[in-house]
1. So for ASP101, ASP266, what's the accessible-area order with a 1.4 Å probe, most first?
2. Please list, in order along region 430-446, the HN-Hα scalar couplings obtained from phi with the Karplus expression 6.51 cos²θ - 1.76 cosθ + 1.60 (θ = phi - 60°), rounded to whole Hz, x for Gly and Pro.
3. Give me the 1.4 Å probe accessible area per residue for region 220-346, excluding ligands and nucleic acids, in Å².
4. Can you run phi through the Karplus equation (6.51, -1.76, 1.60; θ = phi - 60°) for region 214-221 and list ³J(HN,Hα) in whole Hz, with x for Gly and Pro?
5. Sort largest first and round to whole Å: the equivalent ellipsoid semi-axes of region 224-332, each the square root of five times a Cα gyration tensor eigenvalue.
6. Just the number please: accessible area per residue for region 93-179, 1.4 Å probe, all protein chains included, in Å².
7. Mind giving me the nanometre distance, one decimal, between the label points for ALA427 and ASP354, set 7 Å out from Cα along Cα→Cβ?
8. Tally up the carbon and sulfur contribution to the accessible surface of the chain as a whole percent, 1.4 Å probe, everything protein left in place.
Amino acid sequence: MTDTAGTGALPVEGVPAARVLDEIRALRAADRPTHGGRLFAYVYDPGVAGLDELAQAAHAESAHVNGLDPTAFPSLLAMENALVGAAARLLGGGPGTSAPDVVGSVTSGGTESLILAVKAARDARPDLTEPRIVVPVSGHAAFAKAAHYLRVALDPVPVDPVTLRPAVADVAAAIRPETVLVVASAPSYAHGVVDPVAEIAAVAAAAGVRCHVDACFGGWTLPWLRRLGAPVPPFDFTVPGVTSISVDLHKYAYAPKGVSVLLHRDAGLRAPQFFAYADWPGYTMVNPVIASTRSGGPIAAAYATLRHLGEDGYLRLAEVTRDAVAGLADAVRVVDGLRLLAEPESTVVCFTADDPELDLFVLVDELTARGWHTQPQLAYAGLPASVHLTVTAAVAPRVAEFGPALAEAAAAARAAGPVVLPPELLALAGSLTPEALTPDLIAGLAAGLGLGAGAAPDRMAAVNTLLQAAPVRLRERLLVEFVGLLQRPTW
Ligand SMILES: Cc1ncc(COP(=O)(O)O)c(C=O)c1O
C-alpha cells in the first residue's frame with residue numbers, strides 16, 4: 001500500500017489534524033507510562049484529577065507568547081514574578097525574612113538554572129583568568145556541564161560511602177583563591193540525601209565565596225515534609241552564606257516540563273547572570289536566561305498548577321509521597337540481598353545489592369518486564385551500583401503491588417544469574433582509551449549489545465555491565481557514540 005503522505009515530518013500534502021494526532025498517539029504507545037505511578041524517574045505525577053487538563057489549557061493560552069521581551073508581553077512577566085515570589089517565600093526569602101531582597105528568574109529547567117548560577121558566579125569575578133567551582137561528587141552532573149560550557153574548572157569533593165555526604169573539611173580544603181562558587185545539594189538526585197548546607201555555606205562565606213544550594217529536586221518537597229514533622233535540616237535562605245538556590249517547578253511542583261526557578265539572595269548577586277547586547281543593528285537585546293525566544297506555555301502552565309494546588313494541595317501530596325517512600329523502603333528491606341543505600345530522608349528510595357548472585361542490572365530489566373520502570377546507577381568511586389526510585393504522589397496507590405513485584409523480579413534475577421559478558425569484551429572495556437575507539441569498534445560493540453540504529457534494546461543489563469566495566473572517560477565516550485547511533489534522521 002502506498003502512503004502518499006509518507007511518514008516523514010514534512011509530507012508533500014498536509015495530513016488532516018485528527019490523523020496527525022493519531023500518529024502521535026501511536027508513537028507515544030512505545031513510551032514509558034508518564035502517569036500511573038510505575039515510572040520512577042523522568043516524570044513527576046501528582047495523580048490529581050483534572051490537573052493535566054488545566055495545565056494544558058493554560059499552556060495553550062500562552063504558547064505563542066514570547067518571553068524575549070517582557071514589555072511586549074506583560075502577562076508573562078507577571079506570571080514569572082509570581083512564580084519567583086512563591087519559590088522565594090517557600091525557601092526562606094521575601095518580606096519579613098532574613099532574606100528580604102531575594103530576586104530570581106524562571107528558566108527552562110534545572111540544568112539551565114545551574115549553568116546560570118555558575119555563570120553569575122564566574123562573571124562576578126572578571127579578575128580571575130581561571131575560575132573554579134567546588135562540587136561534591138554527588139552534585140548533579142549539570143554542574144560539570146556548566147563547568148564545561150563556561151570553561152570553569154571543576155574541583156570535585158568525595159562523599160563518604162556511608163553517609164553519601166561530603167565532609168565539610170574536604171569542602172573547605174577544596175576552596176582556593178580562584179574558587180567562585182561552592183555547591184551543596186538539597187537533596188542529591190542519586191541518593192536523595194541532604195548535604196550539610198549550613199556548614200558548607202559557612203566555609204564558603206568565610207572564604208568570601210558564593211554558595212549555591214541545588215534544590216532542583218527537593219526545593220518543592222523538603223519544606224512541606226518539614227511542616228509534616230520530618231527532621232529536615234536548614235537548607236534555604238534562612239542559612240547565612242547561601243547566595244543562590246535553584247528549584248524545579250517541573251519536578252515536585254508538578255508543572256509540565258520546562259520550568260525551574262533560580263533565586264539569588266539579592267539583585268547584585270543576580271546581575272552578572274544577565275546578558276545584554278546593543279552592539280548590532282537589530283533590536284536591543286537583554287536576556288536574563290540562556291534562551292532568548294521563550295514560549296510562555298510552560299510558565300503559564302506552572303502558574304496555573306501552583307494556583308490550583310495551593311499550599312494545602314502540596315502539603316497533602318507531600319504527605320502521600322512520604323508514606324509511599326516509607327512503603328517502598330519497607331519493600332526493599334524485606335528482599336534478601338537488597339539493601340537501602342541511604343535511609344530515605346526526602347523522596348528518593350535508593351538501594352543496592354549485597355549478594356553477587358543478585359545482579360542489579362538484571363533486576364532492573366526484570367522489573368521493566370513487569371511494567372515497573374526504575375533507574376540503574378553505575379558503580380562509581382567506591383560507591384556500589386544502585387537503583388534509584390524517584391517517588392511521586394501517584395506512586396502511593398501502587399506501593400502494595402510494588403513489594404511482591406520487587407520480590408518476584410529479584411527471584412527472577414537470581415534465577416537468570418548475573419550478566420556475563422565475553423571476557424575479551426570486558427578486558428577491552430577496561431583497557432581501551434576513548435581515543436582508541438574507532439567507528440568500526442563502536443559499530444561492533446553496539447551490534448553486540450543489541451543497540452540498533454534508532455532503537456534501544458528491551459534489556460539494558462548488558463549495556464550497563466559494559467559501561468560499568470569502563471573507566472569514566474570511556475563511559476562518557478561510549479554514551480555519546482551510542483546515543484549518536486540513535487539520533488539519526490528519518491527521511
Ligand atoms: C538535584 C538536581 N539538580 C539538577 C537537575 C537537572 O534538572 P533538569 O533535568 O531539569 O535539567 C536535577 C534533575 O533531576 C536534579 O535532580
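1. Highest to lowest solvent-accessible surface, that is ASP101, ASP266.
2. x, 10, 5, 9, x, 5, 7, 6, 9, x, 5, 4, 5, 4, x, 4, 4
3. So region 220-346 comes to 42 Å² accessible per residue, rounded to a whole number.
4. 7, 10, 3, 7, x, x, 9, 10
5. Computed over region 224-332, the values are 35, 19, 12 Å.
6. Counting only protein heavy atoms, the per-residue value for region 93-179 is 45 Å².
7. Here the answer is 3.5 nm between the modelled labels.
8. After summing per-atom areas, the C and S share lands at 60 percent.
The values are calculated or read from the model by the stated rules, or taken from the named source; none is laboratory data. As the structure is a prediction and not an experimental result, all values here were calculated from the model. Here the Cβ is made from the backbone with ideal geometry for all residues, glycine too, and neighbour counts use every protein chain on show. Surface areas here come from the heavy atoms of the whole protein model, side chains and all, with no ligands, DNA or RNA. Shrake-Rupley method; radii C 1.70, N 1.55, O 1.52, S 1.80 Å.
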